[in-house]
1. Taking each pair of distinct Cα atoms in segment 196-341 once, what is the resulting Kirkwood hydrodynamic radius in Å?
2. Treat segment 1-86 as a sphere of radius equal to its Kirkwood radius over Cα pairs and apply Stokes-Einstein at 10 °C in a medium of 1.306 mPa s; give the translational diffusion coefficient in µm²/s, rounded to a whole number.
3. Any chance you could list the semi-axes, whole Å, largest first, of the equivalent ellipsoid that the Cα gyration tensor gives for segment 513-656, using √(5λ)?
4. How many Å² of accessible area per residue for the chain, probe 1.4 Å?
5. For the pair Lys219 and Val258, what calculated FRET efficiency results from E = 1/(1 + (r/R0)^6), where r is the Cβ-Cβ distance and R0 = 60 Å, to the nearest 0.05?
6. Just subtract the alpha-carbon distance of Leu664 and Gln519 from 0.36 nm times their residue separation and send over the number in nm, one decimal.
7. Using a Cα-Cα cut-off of under 25 Å, which lysines could be cross-linked to Lys471, ignoring same-chain neighbours fewer than 8 residues away?
8. Is there a pair in Lys316/Lys518; Lys122/Lys657; Lys155/Lys188; Lys68/Lys163 whose C-alpha atoms are over 26 Å apart, and which pairs would that be?
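The values are calculated or read from the model by the stated rules, or taken from the named source; none is laboratory data. What you see is a predicted model, and the numbers here were worked out from it, not measured in a lab. Every residue, glycine among them, receives a Cβ derived from its backbone with ideal geometry; neighbour counts consider all protein chains shown. SASA here: full protein model, heavy atoms, side chains in, ligands and nucleic acids out. Shrake-Rupley method; radii C 1.70, N 1.55, O 1.52, S 1.80 Å.
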Amino acid sequence: MQILSIHLKNIKSHRNTDLTFSSGINVLSGPNGVGKSTIFEAIGYALFGVDAQSFVGNVERFISIGAKRGEIAVVFQLADDERYRVSRTVGTPSKWLLAKEAGDEFEVEEHKDSRETEARLKELLGLNSGRSLAEQFELVIGPFQHEFLGPFVIKQATKRRDKFDEILGIDSWRKTYSETKVLASAIKAKVDVLESAIGPLKDQVAELPEKRTEHKAVKHGLAETEQELKVQQQNLKELEVRLVDVDKREQALKKLEVEIGTLKERIDNGKEKISNQRLLIGEAENAHKIVAENASGKKAFEQAETRLTELREQVKVQRQLEQEVAGLDKQAGQLSGRFEVESKAIETAREEVSAEVKSLAENRKSLTVDEELQQRAERLPKIRTELETMRKQLGQLEGRRAGLEEGNEKLAEGICPFFQEPCLNIAEKPPGDVFSAKFADLDQEQQCLTGKVAKLEKDEVAASQASDQLKEFEIKIKSLDEQADKLVARRKANAAQAAGLTRLQTEQATVQQKLAEKQTLLATYNRLQGDIETAEQEKRKHQAARDLYVANQQQAAGLERHQADLQKYAEFLKKLQDELAVKDEAYSKTGKEYDAAEHDVLRRQKDELSPTVGALGQKVKGLCADLSRLAAEIDKLKRVEKDILAKQEQVKSYKEKDDLVKFLRNRVFRNVSTYLSERFREEISQRANRIYRIIAEVDEELCWGDDYRILLRDMADGELRERTDDQLSGGQIMSAVVALRLAMLQTIGARIAFFDEPTSNLDAARRENLAHAFRAIDVGREEVTEHWYDQLFLISHDVAFTEVTDQIVYLEPGS
């Protein structure tokens, strides 16, 4: 198995790092803090599933500062040249994916969860021991040097033994022995609990025979009581049937008594109503006579009242006409006054408008523009254009003068300003003679232009003043135009108001016509008050006859109804009298069939028998309750019997398990760890001794003794000397630790291993020997080991490894 490459993205100091590795020994070198140990951690995280917290404590510290997620990808190759890529992300959510190379791509294998991914990696790496990949990496394959050295310097023998048992994977037997002690105690406690529970249950079951006897006696008593109850209930039923028949007769007799009394009362009431009805008929006949006598007077009264109502309606119409006449009269006065006021206003406005029109014409005549002023103002743009041109020409002349003055200064020295050498053009003629004529021409031309500019500036001022005067004329003319427009509007408004005056005259004539019509109609109501007085006299004349008619009209109208009611009452009275005779006969017959003394005897017999039946019923209920209670108690005790048997079976089963646990603890678990520890230490010691001799180059024997202590044996003064780890130097301990770790790797069959600064605390000779030992391990030299490794990774600054390594991977800051 060989790791081919690794890719780190946002892992600690590695923002985006890609490294490739060769087979054999790969040395990671570089300054401190560059991230060499991070490469080992990344391989452990991605390939072996180690938790990031094992390296940094907090997962966030495993990610580069400022990043939210990190990613590691490791490509490795198996012995059959199959390649795989395992990738794992850091952060939430975390993904652990295994992909197999297919052509130029990697196809991800489908795994249910991380446990399935780890199982697949175990199979590929050949590390199918009983522990997880992470534990194998942290304990043997890839621990940092100080972490692997730690267990060797533990002083307490028990703690050191437990730690190396864990590293070798044999601690489970000792843990099982310790843990089964708790199991044995739990089994014994369970047996004690069960046996203590069986005693009280047996005491309860002892009452079962007594309960069964009591249950039988209660059952017999219940049967006798139920038979007696049945007989008494039959007697009571027969008595109640007879009593019901007598009760019906008594009730029928009482009912007849009530009905007879009611009929007699109704007959008396009927006779009284007939008498009252005859009185009402007499009164109605008298009222009918009075109504007939006053019918003509009532009719005359109603006619007078109708006439009076009509006249009063006419009064309302008269008052309405009077109001309308007053309103029209007022409206006519208002229209007359309004016509007079508006006529005067229209005439006044017409005169004012005429005066203002005349004034505007005079003002407009005074605003006539002078033709010379107009021409002067029109020349203003042209003057300004010419003035601008002249000023530009003056500026150009100033520029030419400045250039001539600069040339004059340079040529005065006799040096060409372009070639920086003596000028041949002025060798015979002085510089002043060259520029004097040009300066004179410029002065003359500048003086001419200055005179023209002064004249144009004077013309510009005059033209500007003329333009300002024209603008003032335009503003005044515009104001006059606006005033003329307003006068036209006023004239139109006045004309419209004059037209409205004609409409006002028409409206005034219409109102006058309506007023005359209403006054004519109102004159027809002058005799209305006399007609009202006549009608009121006629009404008072017939008032008494009308009052008598009204007072007796209702009573006279009820004559026929009273006569019909009298006939109905008489017929109903006859019917009640016939019904009373029938009830009297039925009462006499029922009284002969009913015996009150017999009725009292039956009631007393029922009163005596009912309590007896009730008492027997209550007794039956009590016996049934006792029977149910005893049956429940017996069932409960039967269940207790079964529970006792079940607990006794549990006690028997737990005792058998206790015997088995004692056997396993005393015969198996106690001895297996010790036996396996001896076997591992013996095998590892043999391999480690050969490696140690290569590293140390001394005639000393390395042995891994009891409780995993380092022992070195040699001959001193002809005698065997044995030294333990507390008597050894730091170099001797480090050499022994490296040798033991190499031997462990060989023992577990690991094909890959990681070493962090393995030469620390070693002198130069031992460092060189250790490097050659690694080389020998890699190539499989027989004197060192019978196994070889596919790949070794070392972090070292030691030059001793440069001669034996297959590849040096140098890491630089920021790589």
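1. Values: mean 1/r = 0.0338 Å⁻¹.
It is 29.6 Å.
2. On the way: Rh = 13.6 Å.
So the translational diffusion coefficient is about 117 µm²/s.
3. Working: eigenvalues 2238, 487, 23 Å².
Its equivalent ellipsoid spans semi-axes of 106, 49, 11 Å.
4. Values: 49600 Å² over 815 residues.
Accessible surface, normalised per residue, equals 61 Å².
5. My answer for the efficiency is 0.60.
6. Values: separation 145, 0.36 × 145 = 52.20 nm, distance 14.50 nm.
This chain segment gains 37.7 nm when fully extended.
7. Lys358, Lys365, Lys382, Lys455, Lys458, Lys486
8. On the way: Lys316/Lys518 15 Å; Lys122/Lys657 36 Å; Lys155/Lys188 37 Å; Lys68/Lys163 37 Å.
Beyond 26 Å between Cα atoms: Lys122/Lys657; Lys155/Lys188; Lys68/Lys163.
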